[in-house]
1. I'd like to check which strands (runs of 3 or more DSSP E) are fully inside region 26-86 and have at least 2 residues that are at pLDDT 90 or above.
2. Tally time: how many residues in region 9-19 are at pLDDT 95 or above and exposed (fewer than 14 other Cβ atoms within 10 Å of the Cβ)?
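The values are calculated or read from the model by the stated rules, or taken from the named source; none is laboratory data. Note that the structure is predicted; figures quoted are calculated from it, not measured. Note: ideal-geometry Cβ built from the backbone for every residue, glycine included; neighbour counts use all protein chains shown.
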Amino acid sequence: MFVAPNRTLIAGLTIDEVCESGLWGRTYIYGEIDAGRLRAVKFGGLTRILPEDFAAWLASAPAIVPSSPTTIPADRSSGDSGELIGHAA
């Protein structure tokens with residue numbers, strides 16, 4: 001369970017806490033809920049996101065796949081054989 005600073009044990013994260021934790025906007029978070037990608041629960045009129053649902057949503061984000069290295073064509077006048085871009089030498 002999530003324990004916010006200066007609070008007792010709570011049932012879940014508020015929408016504002018989720019937004020602040022990743023600098024997302026409320027519209028984006030509600031869009032994720034509406035699309036079924038982020039599970040939210042209601043306690044009366046309060047909307048909460050359980051920590052395990054928040055963690056699962058974060059884990060489901062697509063990974064960034066590195067692109068293949070790009071080679072700059074050789075400068076034929078200088079005899080340069082080309083330079084590899086995108087990866088440390």
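1. Working: elements: 41-43, 46-48, 70-72, 83-85.
It comes to 41-43, 46-48.
2. Total satisfying the criteria: 1.
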